[in-house]
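First comes the structure, then the notes that go with it.
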Amino acid sequence: LHVTPGGGQIPPPLALRLPPCPSIAASMPLLPGETRDRDTYQSGLGFFFDDGARAVRRWADTTQVAAENWYRGLKLPSFEDLGAGAGGAVPQVVAGIVEGSGPAIPVDMDWENPGVWRVLLAAAASACADVYHRGDPLRRCPGTVLLIAAHIGAFTHRLRLYAWGFNPARVLEGGQAYRMLSSAFCHADVVHLASNMASVLHSGYSLEPAWGHYRLLGEAAAAAVASNALALALALAQRRLLGSASEYYKWTVGFSAAALAMRVFTAHSESEARRQVAPRMWSQWMPFAFWGEVAAAHLFVPASDLVGHLCGVTVGLLRWHLPRLWPDLVRRLEGGGGRIQG
């Protein structure tokens, strides 16, 4: 029966109650990609993409459920290890961690906040400037576009923070090393995603032509893991040496650290290329341009993870300087060059 807006019921039309004629339905030939359950035509290629999209979504949903179930079955930290809050009570956020519940991300945005629009406009302006001056990203840096698409695809799912986010305690005590990479593909909100992807696009234009598609993706993943590994070491040192567990039980998400590591490498490589072509005074300061991005991130979004951003900057500096310092150091040690002798 059909329900009217007023709440009453009316019988369906007479034509809908008549059974279909099997002889007519059986005699009508089907076009390629057409089924008897739908009255619209769709090509076989469309069916292929629809099936693939449904398969990917089913895999993502089942993977998230499996990760959440696995998380609930692991040994959770005790209240004695977590420490007490003010007045001897366990903080509410800590209680949520112990209970195994967790918020879904991304969170809803406050679109009336002018700071949100400032960050979005800045990210859009950066992306548009890169596309206008450097060309089509699908031709210049398709690997970067694929990386951005992967982040956007993960953003469309409301992932659970405690199932995918980075937490030093869960990595060390629970053995959940996958968090060091999975947390990089989780973003708190659309502002978080837009700012990081604009930074990745800018770096991809410079790095991918020299590195190639596969190396760029590998370097980005390695930067995310290395940044979280450095944050993990700092959290463990803070807990062991200073007796503070504020970083040890902190939850973080986002690709900011890896994006900053890529920006550091990009700034140094672009500065070196410009000095070779046209050495000028202003090109000497290009390697320090990424500090402006760090300052802007914490100016517009004060809740940003400063420790994670500094870890990303450190990883980028190490990635740039170590390959250049190590060969020179080896040559000095092997040849006994001057003051360094074995």
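Couple of notes before you dig in:
- Residues in the range 118-127 that are touching a helix residue (DSSP H, G or I) at 6+ places or on another chain (Cβ under 9 Å) and under 12 Å from Val191 (Cα atoms): Arg118, Val119, Leu120, Ala122, Ala123, Ala124.
- Of all residues in the range 114-135, those satisfying the criterion of being exposed (fewer than 12 other Cβ atoms within 10 Å of the Cβ) and at pLDDT 90 or above are Leu121, Ala125, Cys128, Tyr132, His133.
- Set side by side, the residues Ala222, Ala198 differ, and just one is modelled with pLDDT of 90 or more and either buried (at least 20 other Cβ atoms within 10 Å of the Cβ) or at positive phi (or both), which is Ala198.
- So Ala188, is it part of a helix (DSSP H, G or I) and at pLDDT below 90: no
- Scanning the range 136-149 for residues that are in contact with a helix residue (DSSP H, G or I) (Cβ under 7 Å, 6 or more places away or on another chain) and exposed (fewer than 12 other Cβ atoms within 10 Å of the Cβ) yields a single hit, Leu138.
- Taken together, Tyr162, Tyr214 contain a single residue that is in a helix (DSSP H, G or I), at pLDDT below 90 and either more than 18 Å from Gly308 (Cβ to Cβ) or out of contact with any helix residue (DSSP H, G or I) (no Cβ under 6 Å at 6 or more places or on another chain) (or both), which is Tyr162.
- Pair list, Cβ < 6 Å and 6+ apart or interchain, from the range 146-157 residues that are farther than 16 Å from Leu217 by Cα to residues that are part of a helix (DSSP H, G or I) and among the aliphatic types (A, V, I, L, M): Phe155/Leu193; His157/Ala60
The values are calculated or read from the model by the stated rules, or taken from the named source; none is laboratory data. Computed from a predicted model, the values in this text were never measured in an experiment. Cβ: placed from backbone, ideal geometry, glycine included. Neighbour counts: every protein chain shown.
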